[in-house]
Structure formats: structure tokens, C-alpha cells
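Read through the structure below, which is laid out as C-alpha cells, and then see the notes.
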Amino acid sequence: MTTRTVTTATLQDWIARFAAAVAEKREWLTELDSAIGDADHGANMARGMTAVTEKLGAGAPGTVDELLKTVGMTLVSSVGGASGPLYGTFFLRTGMTAGAVTELDAGALAAALRAGLDGIVARGKAEAGDKTLFDAMSPAVDAFDAALADDADLIAAAQAAAEAAARGRDATLPLVARKGRASYLGERSAGHLDPGAASTTLLFEALAAAIAEA
Ligand code: ADP
Ligand code: MG
């Protein structure tokens, strides 16, 4: 079977899977942030996604923009660290670009994810190699586009995006941070994975799983 569209329900499942992954990997995310930051990335993401889960409740899925704007606004208002406004902006822009629809085709989902990434850049000014979540998200969005250009279906494209995110996360290991709290450490930030790149990989793995099992 080839999958060519995602519904609001599939995207709601994406959010639920991301919340579950963040809860499960909370200690690991905090450990990563304790090496090059202030040891709160796991707590920040878990607090934010718990608030999102409570906000969404068991409500029936509405439109894609309603869903993702709720996620974004909840993250912005419940997370104090840098990651709250960054992930919040990602979901707000993704939702805004998707619009008031209940289904997205592959091209529309690709455009929405690209807009989310652009929102993060507009907000945090990260560039490739700065050792931030951009280093996982940008290759993920590029891989998603490349797979679709290659006529892959959505399952394969989302899987390619998740794999690219993981490679991007791993490639942050030797980098010296140039943005965020880790940049205060200068050269001492090298030799550690970026926590935000780790959580962003969970985000794309959750998307791939939600689409594959829809
Ligand atoms: P804080 O740094 O305020 O403690 P978190 O620990 O929750 O917030 O999040 C840290 C992560 O945020 C970093 O690992 C990095 O990936 C990401 N980050 C920080 N600043 C930026 C930025 N300007 N652009 C993109 N991502 C950033
Ligand atoms: Mg932190």
C-alpha cells in the first residue's frame, strides 16, 4: 500500500508519540544537557509535552491548523527554556502553513514542515554546524523533500527524514556550539551530542512511526 496523505488524526498520533518518546527519554535528554547546558532539556520537553497532552485531551481531531497551533501555543506558554519558543514556533508555523484542512498530501506536509524549520531559523538564527536542533531538523526536512522528489510515498519519505535527523544528531558530537547556552562553553562543548538535536530526532521518528502505522 502506498500512503499519499495524512489526516489530522495521524498528526495527533504524531504528537502523542512524540510526548511518549520525550517522557521515556527524559533522563537521557537531561544528561545530554547537563554536559553542555543547564541540565533541563528533558524536564523542559517533558513539561511542555505533558501540558500539550492535557490540553488536547481526548478531543476529536479538528483541522490540522487547530491541532498544531494548540501544540505550539502550549509549548510557548509552558516551557521556560530556549526550546519552548523554538519548538512552539515550529508547530505554529507548520500549522499555519497547513491551514484549515483535515488532510494533507505529501507536498502540503513537506511545505508545512519546511515552514516550521524556517520559523525556527527566523527565531533562533541557527545555521548549519552551530550544534543546535537545526542540525537534525534541516537534514530531516531536506531528506523528506528529496524522497518525495524521487517519488517515494509518505511512509518512505518520513522514514528517510527520521534517519537523516539521527545522522544530523550524531554529527553534532564533535561540533563546537555557536548558539544557545552550550556556546558559553566554547571548545569544551565539543565531544557531546546536542540535546535539542536529540529531541528533534525523536520528533521525526515519531512522525515516521505515526505515518507508518496510520
Ligand atoms: P535552555 O538552553 O534555555 O536551557 P533547553 O535546554 O530546553 O533550553 O534547550 C537547549 C537546546 O535548544 C539546545 O540543545 C539547542 O539544540 C537548542 N537551541 C538553543 N539555542 C538555539 C538557537 N538559537 N537555534 C536553534 N536551536 C537552539
Ligand atoms: Mg537547558
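Is it true that R123 is touching a Pro at 6+ places or on another chain (Cβ under 9 Å), open to solvent by 10 Å² or more (accessible area, probe 1.4 Å) and within 16 Å of ligand 1 (Cβ to nearest atom)?
Criteria met by R123.
Are any of the residues in segment 93-107 touching a residue at least 40 places away in the same chain (Cβ under 8 Å), farther than 20 Å from K55 by Cα and within 16 Å of ligand 2 (Cβ to nearest atom)?
No, segment 93-107 has no match at all.
Name, by its number, the condition in (1) open to solvent by less than 20 Å² (accessible area, probe 1.4 Å); (2) part of a helix (DSSP H, G or I); (3) aliphatic (A, V, I, L, M) that does not hold for A177.
Evaluating A177 over (1) open to solvent by less than 20 Å² (accessible area, probe 1.4 Å); (2) part of a helix (DSSP H, G or I); (3) aliphatic (A, V, I, L, M) leaves (2) as the failure.
For the list (1) open to solvent by less than 60 Å² (accessible area, probe 1.4 Å); (2) part of a helix (DSSP H, G or I), I need the number of the one condition that A39 fails.
Only one criterion in (1) open to solvent by less than 60 Å² (accessible area, probe 1.4 Å); (2) part of a helix (DSSP H, G or I) is unmet by A39, namely (2).
How many of the residues making up segment 100-144 are part of a helix (DSSP H, G or I) and within 21 Å of E205 (Cα to Cα)?
26
Residue-by-condition table, conditions (1) out of contact with any helix residue (DSSP H, G or I) (no Cβ under 6 Å at 6 or more places or on another chain); (2) more than 16 Å from ligand 2 (Cβ to nearest atom); (3) over 20 Å from K69 (Cβ atoms):
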| site | (1), (2), (3) |
| --- | --- |
| I120 | no, yes, no |
| R123 | no, yes, no |
| E127 | yes, yes, yes |
| V141 | no, yes, no |
| A146 | yes, yes, yes |
| D150 | yes, yes, yes |
| A165 | no, yes, yes |
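Return yes when T3 is more than 13 Å from ligand 1 (Cβ to nearest atom) and either more than 20 Å from L86 (Cβ to Cβ) or outside any loop (DSSP other than H, G, I, E, B) (or both) and no when it is not.
Against the criterion (more than 13 Å from ligand 1 (Cβ to nearest atom) and either more than 20 Å from L86 (Cβ to Cβ) or outside any loop (DSSP other than H, G, I, E, B) (or both)), T3 qualifies.
Looking only at segment 183-195, filter to residues that are open to solvent by 10 Å² or more (accessible area, probe 1.4 Å) and assigned to a helix (DSSP H, G or I); which one of those is farthest from ligand 1 (Cβ to nearest atom)?
E187
When segment 60-111 is examined, which residues are found to be polar (S, T, N, Q) and surrounded by fewer than 19 Cβ atoms within 10 Å (Cβ to Cβ)?
Within segment 60-111, T63, S77, S78, T102 qualify.
Pick from A210, A206, A161: which is more than 10 Å from ligand 1 (Cβ to nearest atom), buried (at least 24 other Cβ atoms within 10 Å of the Cβ) and either assigned to a helix (DSSP H, G or I) or among the polar types (S, T, N, Q) (or both)?
A161
Between a residue in segment 60-75 that is modelled with pLDDT of 95 or more and part of a helix (DSSP H, G or I) and any residue that is open to solvent by less than 10 Å² (accessible area, probe 1.4 Å) and of a type in the set (V, I, T), which pairs come within a Cβ distance under 7 Å, given they are 6 or more apart or on different chains?
V64/T8; L67/T8; L68/T94; V71/I15; V71/V52; T74/V52; L75/V52
At pLDDT 95 or above, within 22 Å of A177 (Cα to Cα), within 13 Å of ligand 1 (Cβ to nearest atom) and of a type in the set (D, E, K, R): is that true of E31 in this structure?
The answer is yes for E31.
The values are calculated or read from the model by the stated rules, or taken from the named source; none is laboratory data. In this text, all values refer to a predicted model and were calculated from it rather than measured experimentally. As a convention, Cβ positions derive from the backbone with ideal geometry for all residues, glycine included, and neighbour counts pool all protein chains shown. SASA here: full protein model, heavy atoms, side chains in, ligands and nucleic acids out. Shrake-Rupley method; radii C 1.70, N 1.55, O 1.52, S 1.80 Å.
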